[in-house]
1. Just wondering, is there one or more residues in segment 236-251 that are assigned to a strand (DSSP E or B) and of a type in the set (Val, Ile, Thr)?
2. May I ask you to list the residues in segment 345-370 that are within 22 Å of the chain's Cα centre (by Cα) and not hydrophobic (A, V, I, L, M, F, W, C)?
3. Residues of segment 395-421 being at pLDDT 90 or above, polar (S, T, N, Q) and open to solvent by 20 Å² or more (accessible area, probe 1.4 Å), which ones?
4. Would you call Phe522 closer than 29 Å to Asn8 by Cα, in a helix (DSSP H, G or I) and either open to solvent by 70 Å² or more (accessible area, probe 1.4 Å) or touching a Phe, Trp or Tyr at 6+ places or on another chain (Cβ under 9 Å) (or both)?
5. List the pairs whose first member sits in segment 359-386 and is in contact (Cβ under 8 Å) with a residue 40 or more places away in the chain, whose second member is of a type in the set (Gly, Ala, Ser), and whose Cβ atoms are under 6 Å apart, counting only residues at least 6 apart or on separate chains?
6. On the given criteria, is Ala190 in a helix (DSSP H, G or I), crowded, with 17+ Cβ neighbours inside 10 Å and either modelled with pLDDT of 95 or more or over 21 Å from the mean Cα position of the chain (by Cα) (or both)?
7. Exactly one condition in (1) open to solvent by 70 Å² or more (accessible area, probe 1.4 Å); (2) within 19 Å of Val245 (Cβ to Cβ); (3) part of a helix (DSSP H, G or I) is false for Pro289; which is it?
Amino acid sequence: MSGSVMWNLLKTDANLELMSQVLNIREATAAVMANREIRSKKAAHAYMRPDIVKWTDVLDPQQGMKDAQQAFDRISAGIKQKERIVIYGDYDADGVMSTVILCKALRMCGADVNFYIPHREEEGYGLNLNAVRAMKSEYYDLIITCDNGISALAETDEARSLGMDVIVIDHHEPGFVDVDQQRKDVLPNALAIIDPKQAACPYPFKEMCAAGISFKLMEAFYRYIGCDFSPIHDELLVLAAIASVCDIVDLIGENRSLVKRGFDILNANKRINDGLGQLLTLKGYMEKPIDTFTLGFVVGPCINASGRLDSAEMSVRLFLSHDTNEQLAIARILSDLNEERKTLTKQCVDRALKNTKNAQENVLVLVDIETHESIAGIVAGRVKETLYKPTIVLTRGTETGILKGSGRSVEGYNLFEALYANRELYQRFGGHAMAAGLSLPEENVDELRKRLNAGFNSEASALQRVMHIDMELKAEDITLILAQELACLAPYGKGNHEPLFLTRSLPLTALRIISEKNTLIFTFGLSKGFLKGIAFGLNEMFLEKVENHYEGEDYRRIVSGQISEISKPFIFDVVHSVETNTYNGKTTVQIRIKDFKFDTAFQG
């Protein structure tokens, strides 16, 4: 809602005119880079061409990943001795892709490797004691966790007591204790722990997802054992890029480079992985360009759906399978499961918002036994987005008296640290600053709610949704050249948000309201020609504002698109992105409207 969103017009001391001249770009493009602290010519070229960014070597003696050498030694020995290796993954897209990357890469170099994905409802997140014992009964010698394991203290001890080694590959925050006012990591007793977020790891880039780490490790491992990685390089890079988008890691540095390369490869060959090709075909994306929306809102939810409503082993099999019939069958199941998941989610979100309509707490801790535990995180995210408050949604687990759920946070509130400070209340817990999962006795919920709200600092409580605007643009500066320049700065996402601009006093000359798609299409009149604008999800806000400012016949004319016949002008200030639109073979510039206000004369 416009009234609940603050517009923050960013200011920079950079010489935009000089940047524009040196780099041969528009000043608006220069402003975007300056606002991201890109000030040197070298940094600007790297930002405009993320595909050429040089990655840090995993085995660099000064900056490499802690324990990578030990992990490689152990894996190599296991392959030579024909030991049984199991990849212990997770049931979300990052866990699935990490598992696939490790399985494919290790099998290609001769390893006897299988995988194990815990069942979300029956086993919960991460390594568990029953699974460890089951893997011992299957005569596995080495467990490699991916996207989990950093908090598996007792489970790692159990594995080692049974004669199995454990290598942890994770990207989550480790637990910690305060010793002499300094934080000390609490780590499992694994043979090797590869997690850039552990304090002792010198690797400079800390923001990769588990699949990104797994890809880099396997690339380095092939070099370490003297094998050619090129036959599977592109495929595994694409899988890591999908996970990076779906896990919503910051799209900066190595992540942005990886995702950009992944898009280039995938758009050139949508069958780089046969199972992925079947899914893209089924969803109608074989002839469409692949971008962050495609991966985050089409592909990712289908991958996640199996782990939410069935078993994520299905998703792993999709990407490992070489059987066309099996691939197609699994892709159809995943698509159907996702449609079921969407229906369940809408019901749960509607119920949660109804129950929190008058909530006064800064941190929402909601209990809804009708919510399927697999979608608790999605529901928490939707409530958080609507109310802009950190939100935890809890529901019944399979264990009597125990609630399980997930939380999602807002910018400026570290959910992981807030929950970790009250860890004695939970049975299990893990996550990071913006998202976490937990299980706890039902009788501890009120105490958790009380503590989280008591500890919610006053600065954080003043937070509100903010749109950070890169620059104010005149309408005549919104050109096709600018749109094409800005497209070169993608991929956009968390940590590298899509550039936003403010344009004032745009007169509306035509309007189309598409209610069934919750879409508005605007035509703004300019001194020369016109400018098209499109807005998604803003219909309700728009109609509410129109009703407040226009009455009777004027209101009827506006909602029917008869803008030229209203009695007073319709002037907009809009926050928007700038993009291209191709229709009937012709490419033009348009703006995608994110928020708007009517001209201040009408107090919009």
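The values are calculated or read from the model by the stated rules, or taken from the named source; none is laboratory data. What you see is a predicted model, and the numbers here were worked out from it, not measured in a lab. Backbone-built Cβ (ideal geometry, glycine too); neighbour counts: all protein chains shown. Remember, those area values only see protein heavy atoms, side chains included, never the ligands or the DNA or RNA. Shrake-Rupley method; radii C 1.70, N 1.55, O 1.52, S 1.80 Å.
1. Here is the first cut: in segment 236-251, the ones assigned to a strand (DSSP E or B) are none.
Checked against the condition, which is being assigned to a strand (DSSP E or B) and of a type in the set (Val, Ile, Thr), segment 236-251 yields no hits at all.
2. Hits for segment 345-370 are Thr345, Lys346.
3. Ser406, Asn414
4. The answer is no for Phe522.
5. Asn362/Ser461; Gly377/Ser406
6. no
7. Every condition holds for Pro289 apart from (3).
Each row is one residue, and each column tells you yes or no for (1) of a type outside the set (Gly, Ala, Ser); (2) surrounded by fewer than 22 Cβ atoms within 10 Å (Cβ to Cβ); (3) within 20 Å of the chain's Cα centre (by Cα); (4) outside any helix (DSSP H, G or I).
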| site | (1), (2), (3), (4) |
| --- | --- |
| Arg261 | yes, yes, yes, no |
| Asp264 | yes, yes, yes, no |
| Ile272 | yes, yes, no, yes |
| Gly275 | no, no, no, no |
| Gln278 | yes, no, no, no |
| Thr281 | yes, yes, no, no |
| Gly284 | no, yes, no, yes |
| Leu295 | yes, no, yes, no |
| Ile303 | yes, no, yes, no |
